[in-house]
1. Which residues' amide hydrogens lie under 5 Å from the amide hydrogen of B:PHE241, considering only partners 5 or more residues apart or on another chain, with H built in the peptide plane?
2. When only C-alpha pairs under 8 Å and at least 6 residues apart count, what is the relative contact order of chain A, in percent?
3. Mind checking which of B:SER82, B:SER20, B:SER192 has the largest fluctuation in a GNM of chain B, springs on alpha carbons under 10 Å?
4. Given +1 on the Cβ of Lys and Arg, -1 on the Cβ of Asp and Glu, and no further charges, what dipole in debye does chain A carry about its Cα centre, rounded to the nearest 20?
5. Using Cα-Cα distances under 8 Å and only pairs 6 or more residues apart, what relative contact order does chain B have, in percent?
6. In whole Hz and in residue order, list the ³J(HN,Hα) couplings for segment A:112-128 that follow from phi through the Karplus curve 6.51 cos²θ - 1.76 cosθ + 1.60, θ = phi - 60°; x for Gly and Pro.
7. Rounded to the nearest 500, what is the 222 nm mean residue ellipticity of the protein assembly as shown from helices alone, with -39500 (n - 2.57) per DSSP H run of 4+ residues and division by all residues?
8. Can you give the extra length, in nm with one decimal, that the chain gains between A:THR177 and A:PHE191 once fully stretched, where that is 0.36 nm per residue apart less the Cα-Cα distance?
Amino acid sequence: MNEEEISKKDLLELTGISYGQLYRWKRKNLIPEEWFIRKSSFTGQETFFPKQKILQRIDRIINMKDGLSLDELADVFSPSSGEVSITPDELLQRNIVTNMTLDLFQQEVGKHDVLTFADILSVYVLEKLLKSGEVTRDEGKMLLSLMRDHYAKVASKPCELALVRKMGVPLLLLIETTEHLYVDRDAKWVFRLPLRGCIEELKLKINQSEV
Amino acid sequence: MTSNGNRHGLGDIKITGSGSSGGGTFNQVKIMGDAEISSTADCGLFKCLGTAQVNGSLIAETASVNGTLNVRENLQGGLLKSQGEVSVSGDLQLKSISINGELAVGGNVSSDFAKINGGLRAASGQTEELLVRGVVEIPGMLNGEHVEIKMYGPSRIGELVGAKITVKKGLEIPLIGKMTSHYDGGELSAESIEGDVVYLENTKAAVVRGRRVNIGSGCEIGLVEYTDEFKQDTAASVGRFVRLG
């Protein structure tokens with residue numbers, strides 16, 4: 001899959017940001033190094049970016065900039081967990097998850113007074129997938145145990161959660177790199193969900209409901 | 001942990017003459033003479049008068065070096081002050097750097113503030129404020145909010161980027177400079193330079209991009225792309241300049 005790219009020149013013109021802003025955000029890791037794609041051209045070197053990702057990121061930075069400092073923003077976009085711990089009640093009050101999802105989580109994992117970021121992420125992802133109808137409650141339980149067992153290993157890396165069903169049998173995958181995976185023709189991809197996006201959404205929700 | 005680097009309850013080490021330590025966590029490490037630390041040392045204050053070799057990483061809230069410091073892995077912490085030579089094989093991550101002499105880093109240099117009189121060598125670098133009088137050699141990207149380089153010798157940077165970039169030739173040393181060789185105030189060669197406000201002297205670059213670009217004397221630039229303002233000294237050569245937007 002070849003993503004559409006945008007040159008730096010076009011990007012700055014389109015978004016109206018300056019070189020200073022672009023490089024300041026890069027220093028703060030708001031824009032990851034991997035997105036700077038350097039290519040040689042007849043004028044020397046030109047830098048390109050994955051168009052969709054960078055435009056969405058810049059839009060988010062500009063729209064959130066007023067409320068948060070650059071360092072807080074950097075934390076929102078970083079794939080690592082940051083220091084968050086919330087009680088189950090707070091999750092409900094802040095409308096991050098519903099009671100039904102939380103019940104399922106507590107049945108599986110037990111009741112804890114404080115949830116770690118990894119736990120919150122698990123519940124949040126579960127909520128999302130249950131709501132969209134992409135997973136059943138049983139598959140949700142699989143998801144929770146998968147996250148418990150393996151999420152720590154991939155926590156700071158870009159990773160994806162995917163569900164494959166074959167003849168009605170679900171297989172849940174946590175994929176560390178976003179490489180291509182191919183399945184045989186009887187198997188069906190139900191969804192592929194990049195966790196980085198979920199982490200951003202979740203951190204935003206947590207941050208917003210704090211202010 | 002207090003801001004003056006005093007960590008109560010932890011031991012100090014003091015090496016006078018010639019000695020070695022296995023590393024560990026300390027309140028203060030003081031070296032007068034020649035010392036080798038065989039693994040990572042984490043301390044509030046690291047002070048070296050003489051030569052120190054750390055065969056691991058050095059983590060220090062404050063590090064002060066008069067002489068030579070050699071770190072096999074990374075150097076991390078708060079403040080580094082050095083008169084002499086500091087070399088780090090891995091990455092350097094500090095809040096403030098003040099160097100008279102040379103700083104050589106195998107990986108990335110990252111510091112909020114850095115003032116260097118002498119030489120800076122690294123693979124890549126990022127700072128909020130960087131002031132160099134001397135020589136810079138960074139084959140990768142040097143990214144700074146505010147970068148000011150006064151050159152006293154040949155410098156080389158792959159990509160020099162940031163908000164405000166100023167590159168100037170060093171002042172001529174009267175008499176001595178003129179007599180020894182054709183002293184021209186140092187020069188910088190770069191692949192590309194990008195910033196909001198860019199002022200260059202004695203610089204060779206393929207591309208310069210910016211909002212306000214001022215090309216001073218002694219420059220040889222292939223292409224200038226600017227949006228707001230472009231100025232060129234009569235003693236500068238610019239292949240092509242284009243106004244964007």
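The values are calculated or read from the model by the stated rules, or taken from the named source; none is laboratory data. Worth saying up front: this structure is predicted, and the values here are computed from it rather than measured. Positions of Cβ are backbone-derived with ideal geometry, glycine not excepted, and every protein chain shown enters the neighbour counts. The accessibility values were calculated without ligands, DNA or RNA, using every heavy atom of the protein model including side chains. Shrake-Rupley method; radii C 1.70, N 1.55, O 1.52, S 1.80 Å.
1. B:VAL224
2. Details: 230 pairs, mean separation 33.7, N = 211.
Dividing the mean separation by the residue count of chain A yields 16 percent.
3. Most flexible of the set in this elastic network: B:SER20.
4. Details: 30 positive and 33 negative charges, 98 e Å.
Dipole of chain A, to the nearest 20 debye: 460 debye.
5. Working: 807 pairs, mean separation 18.3, N = 245.
After rounding, I find 7 percent.
6. Rounded to whole hertz, the list is 10, 6, 10, 9, 7, 4, 4, 5, 4, 4, 4, 5, 4, 5, 4, 4, 4.
7. Numbers: 10 runs with 111 residues, N = 456.
Mean residue ellipticity, 222 nm, calculated: -7500 deg cm²/dmol.
8. Numbers: separation 14, 0.36 × 14 = 5.04 nm, distance 1.60 nm.
Value of the extension gain: 3.4 nm.
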